[in-house]
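Shown next, in structure tokens, is the structure this report addresses.
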Amino acid sequence: MKLKAIIREDVKPSDKKIIVEFYGDDKNQHFEVKCLFSPFYLEMKKWESWILNIKMESEIFTEPKTGAKSYFTHLLCKKAELVDSPYIKDKDSQPLGENDK
């Protein structure tokens with residue numbers, strides 16, 4: 001599924017995950033999304049908006065002593081596309097060069 005999200009924490013070179021807030025979430029929750037690529041080398045930055053291609057993966061943990069099961073849902077991103085960035089300047093706002101006058 002494709003979901004639009006805002007990156008909510010800085011991305012470091014060693015990171016294999018991103019922390020995001022999904023558009024339309026009334027509670028403004030933050031979610032950990034594991035990436036199948038390097039988010040740092042894709043140049044993901046805090047405050048940017050991305051379309052994330054997400055799939056869910058379930059993990060079942062059984063407590064050895066009691067046999068009780070716990071279920072965890074992981075969000076995995078296999079592809080991402082930049083939608084909006086506050087770091088990219090608008091082409092119209094750049095000063096004119098000598099050849100552009």
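The values are calculated or read from the model by the stated rules, or taken from the named source; none is laboratory data. Keep in mind that this is a model prediction, so the values were computed, not measured. A quick note on method: Cβ atoms are made from the backbone with ideal geometry, for glycine too, and the neighbour counts reach across all protein chains shown. Quick note on the areas: whole protein, heavy atoms, side chains included, nothing else; ligands and nucleic acids left out. Shrake-Rupley method; radii C 1.70, N 1.55, O 1.52, S 1.80 Å.
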Check your understanding: What FRET efficiency do you get for Leu76 and Gln29 if R0 is 22 Å and r is their Cβ-Cβ distance, rounded to the nearest 0.05?
Key -> 0.80
Study note, to complete from the structure: Listed by chain and number, the residues whose amide H is under 5 Å from that of Lys79, excluding neighbours fewer than 5 places away on the same chain and using placed H, are Asn53
Exercise for review: Work out from phi, with θ = phi - 60° and the Karplus expression 6.51 cos²θ - 1.76 cosθ + 1.60, the ³J(HN,Hα) of each residue of the range 21-35, listed in order in whole Hz, and give x for Gly and Pro.
Suggested key: 10, 7, 4, x, 7, 5, 8, 6, 6, 9, 10, 8, 10, 7, 9
Check your understanding: Of Lys17, Lys55, Lys46, which has the largest mean-square fluctuation in a 10 Å C-alpha GNM of the chain?
Key -> Lys55
Study note, to complete from the structure: Excluding ligands, DNA and RNA, the carbon-plus-sulfur percentage of the accessible area of the chain with a 1.4 Å probe reads 51
Review point. Once fully extended, how much extra length lies between Val83 and Arg8, figured as 0.36 nm per residue of separation less the alpha-carbon to alpha-carbon distance?
Key: 25.5 nm
Exercise for review: Out of all DSSP beta bridges with both ends in the chain, state the antiparallel percent to the nearest 5.
Suggested key: 90
Check your understanding: Averaged per residue, what accessible surface does the chain expose to a 1.4 Å probe, in Å²?
Key -> 77
**Study point:** Using a Förster distance of 25 Å, the FRET efficiency for Leu36-Ala68 (Cβ separation, nearest 0.05)
**Key:** 0.20
Point to revise | Whole-Hz couplings from phi, Karplus 6.51/-1.76/1.60, listed for the range 77-83; x for Gly and Pro | key: 10, 9, 7, 9, 9, 5, 9
Exercise for review: Enumerate the calculated ³J(HN,Hα) couplings along the range 11-19 in order (Karplus 6.51 cos²θ - 1.76 cosθ + 1.60, θ = phi - 60°), each rounded to whole Hz, writing x wherever the residue is Gly or Pro.
Suggested key: 9, 9, x, 8, 5, 10, 9, 10, 10
